[in-house]
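Here is the structure we will look at, set down as structure tokens.
The values are calculated or read from the model by the stated rules, or taken from the named source; none is laboratory data. None of the values given here were measured: they were computed from a predicted structure. Cβ coordinates were reconstructed from backbone atoms using ideal geometry, including for glycine residues, and neighbour counts include every protein chain displayed.
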Amino acid sequence: MVDGRYQLCDICKTVAVFTPDEEVTCIDGTSKALFLGTSRGRILDVNLSTKNVTRVLQLSTNVPVSRILAATALDYLIVLSASTIFNIEIGTLKPISSSTTSNIANLALNKDPVVSDPFALQLALVTTNRFILVCESKTNNLEIQQEIQTEDNVVALSYNKYCICYALPNAYFVHNVLENKTLSLFPYDSQAIRPLIVNTDTEEFLVNGMQGLGVFATSEGVSSRPPLFWGLTSIISFAYRSPHIFVLTASSIAVYSSDQSVVLQRLPFTNGTLLECIDGQLYVCNNENITHLKEISWLERAEALLSSGKFDEALRLAENAVANSQYDEAEILKINMLRQKVALVLFKRKEFEKFHELAVMSQLDPREAINSRLSSKILLFLMEFRSEQTEKAAGSSEGSFDDSFAGGSIQLTTFLENYLRTIRKFNWTAGFRRDIDAILLRLIALRQDVLDAEDMSLDLQCTFEDCDRWMRDHMRRKFLITVAFCLLDYDNALLISWELYNENLWDDSIGELCLRVFPRFDSEQTILGWVEFLVKVDQDKVIEGLKRCSVKLNHSKIVRILQQKRSILIRYLEEIKYLQNIEFHSLLFSMYVEEINILLGEGEKSEILCRKNLRTFLLQPNKLNLLDIYTVLKSYRHFDVELTLLEGVKEKGSVECLEKLLTEYKDYDAAELSCIYTDTPEHVLKLTLLKFYLRNVESQRQFKSRIINLLNTTDFISNGAEVLQQIPEDWSLSSILPFAEGAVLTVKGRSYCQQLKKNAAAQSLKALSGVLKPAHVCIHINEKTLCTGCGAPISSEDAARYPYSNEIFHRRCLKS
């Protein structure tokens, strides 16, 4: 089991390559190699992938290596040994150059340099004569930019951006390079603690203080950030990697939170000498080993919590880690893997609500959940189909539908159905929606015989073949028909329908469904096949389906199929009368005659209906020859009324034919049909019929309803007032309200029109009088009257008036 956040992993056993009494004095490196400085003046190159020492460099000084800094951007090491700086090429471990000075006691590399040249280095060099030299190194040239004089020898320092933090034997200081200003932090007792400094953030440092405190400092002095308390145990070294502080003592390595004074983990480690953070990784040394202090990934820790049943803790750990990574895509993938593992465990435990939430959140392939519980008989039962993704899971198991175990698994199957219905809508299920839909259909089939109307609208991604075998094996062929309809596989639906019919398993409810999907049929061949089948199973509503077809049909083919069912054929021929096809009209007429002859002795109601249809057909426009029809009907004794109607067709508005129907045959329905189809625009026949009803209504009370219906027809026009006077006084006016309202409106309309005419005439006369009045003005002419044009006197014989004015002119003057 994983315990804690970090673990120790051996990198290299130094005891095997060191000489007697040789120790590690300093360490640095890259992501691929570590470089160890030893007390014998050697530099060892340790390959991190092979964990072997690959190269060794013996410096000529043959004295301890004090400091190694890896300048990876320039591909060389900066090595301090015997107060001299060496530049050593990383790739070959060969010296490139060395400094001319030999008074360097310590050095630090600016971890956050502010330089215009990306290949320039900023260094802080500590000299033996109590100076800190702020330098910039370019192409092996060292340029001193600032000198900082100290009161004593510098024993530790760290450099970041514009700030240098350093320790003298008795106190800590910070120096602001920009302002060239030094601040004292606090004193310490070098006999009690070792002076240690580590850079934690931009211009922020952590120093080893008195009384077991780690104190934060900035260029402004001691930071307001609370110090860390790590106890009075002597500290050998410490390092920082956000968000943790790592403290090396003689017996252990303690991991602290940088924000809280709490130990997160303590790892036993004895005789440690150095602890460094190199390229984001932590390495610790003792006299025998170089050890990697490896962080245990949050995923490993979470999985350990998961294995111990601590699901909530595992998920919280994962969510915090992903949040800290600012939701890096790779980390999101990891947390989803963890969520999926938790979800699968919850599914096995039947904690379905929690499973649903995590499964959707982590985009879990539902087939994994089902596969994880294949020991369940119901799931084996559901998975009996072959698709690329489920072949292994299903194996070679076979099953049959058993209500006993299906019923016992209602909770599971109900949940699965709802779950699959939910997730099939998400885009991330597109790759396996085919299998989802295939299983979903099986789950639905467990609880109902057919797909309902809502499910028929599902955009299923599975194929008919995915469902065919399973549905047949488990006696779900009726359900399979609806699946075929849903998948627009009408031919297979028809095939199964014939199977059920031939096995006496047909259900009329399926026929109803077939009729509902008729508008979806996209080929004439499919429609013809279904028409033949539905006629076979006595589905009289097939005509309704045909009426809603969007495909252009060959009606002759339909007629041939329908000939096996007379009643359906007659209905179909009635529906296509509008085509005015002589063949269809002839067939319909002959079938009416045959049907009436058959029904004469069987039932009055059916015969009456058939006669009404025949009469309507005869009265409507058709392609038949009247003489031929007349001849056929004349050959029978019971078509006298129909023959009379034909006479009315030949002569529109024949009152004689109407009166014959009323008085001789007393067939009032036929008389009303005659009025509907053969009346004149003046409604001669309807008025005749109305008068007949009104004359005889006292003796024939059944005429009342006929009168009311006749008066309430929308196109009936008559002198309403006159008719109303003939209505018996005991009739309720409400029964003929539409007619009465129309009559009143008609009278009002006529009166209004007359008033309008009267008003218009009056206005016209008034306007005309106004126009004519100026033209007949009376003007008196005497000896003093003068011509307006020439000013000479004018006589009445020679006078003329200018139109619409009182001015008088000579006729000659007016012409000029």
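Just name the residue that is farthest from the chain's Cα centre (by Cα) out of those in region 267-276 that are surrounded by 15 or more Cβ atoms within 10 Å (Cβ to Cβ) and without any contact (Cβ under 8 Å) to a residue 40 or more places away in the chain.
Taking region 267-276 as the starting set, the residues that turn out to be surrounded by 15 or more Cβ atoms within 10 Å (Cβ to Cβ) are 267, 269, 272-276.
With the extra rule that they be without any contact (Cβ under 8 Å) to a residue 40 or more places away in the chain, the set shrinks to 272, 275.
Values: GLY272: 59, LEU275: 53 Å.
Looking at residues that are surrounded by 15 or more Cβ atoms within 10 Å (Cβ to Cβ) and without any contact (Cβ under 8 Å) to a residue 40 or more places away in the chain, I get GLY272.
Working carefully through the options VAL53, VAL15, find the one that is under 60 Å from the mean Cα position of the chain (by Cα), of a type in the set (A, V, I, L, M), farther than 18 Å from GLU276 by Cα and not in a loop (DSSP other than H, G, I, E, B).
Numbers: VAL15 fails: under 60 Å from the mean Cα position of the chain (by Cα).
VAL53 is the lone residue from the list that is under 60 Å from the mean Cα position of the chain (by Cα), of a type in the set (A, V, I, L, M), farther than 18 Å from GLU276 by Cα and not in a loop (DSSP other than H, G, I, E, B).
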Look through region 82-99, keep the residues that are within 16 Å of LEU142 (Cα to Cα) and of a type outside the set (A, V, I, L, M), and return whichever of them is surrounded by the most Cβ atoms within 10 Å (Cβ to Cβ).
PHE86
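Scanning for something in a strand (DSSP E or B) and closer than 26 Å to GLN191 by Cα, does region 84-94 turn up at least one residue? Before the answer, list the steps.
Initial filter on region 84-94 (in a strand (DSSP E or B)): 84-89, 94.
If we keep only those that are closer than 26 Å to GLN191 by Cα as well, we get none.
No, region 84-94 contains no residue that is in a strand (DSSP E or B) and closer than 26 Å to GLN191 by Cα.
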Here's a check for you: in region 489-517, which residue that is touching a Leu at 6+ places or on another chain (Cβ under 7 Å) and in a helix (DSSP H, G or I) is surrounded by the most Cβ atoms within 10 Å (Cβ to Cβ)?
CYS514
Can you list the helices (runs of 4 or more DSSP H) found entirely within region 526-613 that contain at least 3 residues being out of contact with any Ser or Thr (no Cβ under 6 Å at 6 or more places or on another chain) and surrounded by fewer than 18 Cβ atoms within 10 Å (Cβ to Cβ)?
555-562, 566-575, 582-599
Name the pairs: first residue in region 337-362 and assigned to a loop (DSSP other than H, G, I, E, B), second residue surrounded by fewer than 20 Cβ atoms within 10 Å (Cβ to Cβ), Cβ to Cβ under 7 Å, at least 6 apart or on different chains?
SER362/ASN336; SER362/GLN340
For residues that are surrounded by fewer than 21 Cβ atoms within 10 Å (Cβ to Cβ), among the polar types (S, T, N, Q) and in a strand (DSSP E or B), tally how many sit in region 58-81.
2
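Looking at region 192-201, is at least one residue among the small types (Gly, Ala, Ser), over 25 Å from ILE11 (Cα atoms) and at pLDDT 95 or above? Before you say what the answer is, go through the steps one by one.
Narrowing region 192-201 to residues among the small types (Gly, Ala, Ser): 192.
Narrowing further to those that are over 25 Å from ILE11 (Cα atoms): 192.
With at pLDDT 95 or above added as a condition, the list becomes none.
Within region 192-201 (the criterion being among the small types (Gly, Ala, Ser), over 25 Å from ILE11 (Cα atoms) and at pLDDT 95 or above), the answer is no, since none of the residues qualifies.
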For region 277-302, give me the residue count where each residue is surrounded by 17 or more Cβ atoms within 10 Å (Cβ to Cβ) and either more than 21 Å from ILE245 (Cα to Cα) or among the aromatic types (Phe, Trp, Tyr) (or both).
5
Exactly one of these conditions fails for ASN709: (1) surrounded by fewer than 19 Cβ atoms within 10 Å (Cβ to Cβ); (2) of a type in the set (S, T, N, Q); (3) more than 60 Å from the chain's Cα centre (by Cα); (4) part of a helix (DSSP H, G or I). Give me its number.
(3)
Looking only at region 26-57, how many residues end up being crowded, with 21+ Cβ neighbours inside 10 Å and in contact (Cβ under 8 Å) with a residue 60 or more places away in the chain?
7
Filter region 684-709 down to residues that are of a type outside the set (A, V, I, L, M) and within 19 Å of GLN620 (Cβ to Cβ), then give me how many there are.
1
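Of all the residues that make up region 273-298, how many are within 17 Å of ILE236 (Cβ to Cβ) and assigned to a strand (DSSP E or B)?
Our first condition is that a residue be within 17 Å of ILE236 (Cβ to Cβ); within region 273-298, this holds for 273-277, 282-291, 293.
Cutting the leftovers down to assigned to a strand (DSSP E or B) gives us 273-277, 282-286, 289-291, 293.
The total comes to 14.
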In region 132-174, how many are closer than 19 Å to LEU196 by Cα, free of Cβ contacts under 8 Å to residues at least 40 places away in the same chain and hydrophobic (A, V, I, L, M, F, W, C)?
3
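I'm checking my understanding of the structure. Among residues of region 577-628 that are aromatic (Phe, Trp, Tyr) and touching a Leu at 6+ places or on another chain (Cβ under 7 Å), which one is nearest to THR680 (Cα to Cα)? I'd like the intermediate steps shown before the answer.
Restricting attention to region 577-628, the residues satisfying the condition of being aromatic (Phe, Trp, Tyr) are 578, 584, 589, 592, 617.
This time we only want the ones that are touching a Leu at 6+ places or on another chain (Cβ under 7 Å), so: 584, 589, 592, 617.
Values: PHE584: 29, PHE589: 26, TYR592: 28, PHE617: 19 Å.
Applying the filter and picking the extreme gives PHE617.
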Test: VAL177 is in contact with a Phe, Trp or Tyr (Cβ under 6 Å, 6 or more places away or on another chain), farther than 20 Å from MET210 by Cα and surrounded by 16 or more Cβ atoms within 10 Å (Cβ to Cβ):
yes
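Going by what's in this entry, would THR182 be described as modelled with pLDDT under 95 and within 27 Å of GLU136 (Cα to Cα)? Outline the logic, then answer.
Values: modelled with pLDDT under 95: no; within 27 Å of GLU136 (Cα to Cα): yes.
Criteria not met by THR182.
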Every pair of residues 6+ apart whose Cβ atoms lie under 9 Å, when the first sits in region 90-114 and is free of Cβ contacts under 8 Å to residues at least 24 places away in the same chain while the second is of a type in the set (Asp, Glu) and assigned to a loop (DSSP other than H, G, I, E, B)
GLY91/ASP75
Looking at region 426-463 only, could you name the residues that are crowded, with 19+ Cβ neighbours inside 10 Å and more than 26 Å from HIS356 (Cα to Cα)?
VAL450
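Which of the strands (runs of 3 or more DSSP E) contained wholly in region 159-272 include at least 1 residues that are among the aromatic types (Phe, Trp, Tyr)?
On the way: elements: 163-168, 171-176, 181-187, 197-201, 204-208, 213-218, 235-241, 244-249, 252-257, 263-268.
Hits in region 159-272: 163-168, 171-176, 181-187, 204-208, 213-218, 235-241, 244-249, 252-257.
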